[in-house]
Amino acid sequence: MLAYITEPDILRWKKEGRYDILSRVRERNVLWSGDRMVSASGKRLKNCIYLCRDGSSFLCEIYNTRPLVCRNYIPGSSELCPLCSDKK
């Protein structure tokens, strides 16, 4: 499957009946590369397909069942995160 999705993520989503998540990540064919996400063609993505804007805030559409890579993510640790600074 995709580089940032683990087998336990897949099994959990199947158990939860979240085939919408599985089909959407397959359609987008997104890979985790270092500290960024890229399409299979190598195009750098600006954010996650499940990150949506709610006014001035961002929300995760699948927060309660997000993949392990997201559960382990430290805000500000990547260029993907608005909290990231150049002073690492």
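The values are calculated or read from the model by the stated rules, or taken from the named source; none is laboratory data. In this text the structure is predicted, and so the values were computed from the model without any measurement. Cβ sites come from the backbone with ideal geometry, for glycine too, and all protein chains shown count toward neighbours.
From the list G55, G76, G42, G34, exactly one residue is modelled with pLDDT of 80 or more and out of contact with any strand residue (DSSP E or B) (no Cβ under 8 Å at 6 or more places or on another chain). Which is it?
Step by step, each of G55, G76, G42, G34 is checked, and only G55 is modelled with pLDDT of 80 or more and out of contact with any strand residue (DSSP E or B) (no Cβ under 8 Å at 6 or more places or on another chain).
Can you tell me which residue in region 45-57 is nearest to I21 (Cα to Cα), limited to those that are under 13 Å from the mean Cα position of the chain (by Cα) and not in a loop (DSSP other than H, G, I, E, B)?
Only one residue fits best here, namely L51.
For S23, only one of the following conditions fails: (1) farther than 24 Å from S77 by Cβ; (2) at pLDDT below 80; (3) assigned to a helix (DSSP H, G or I). What is its number?
Unmet condition: (2).
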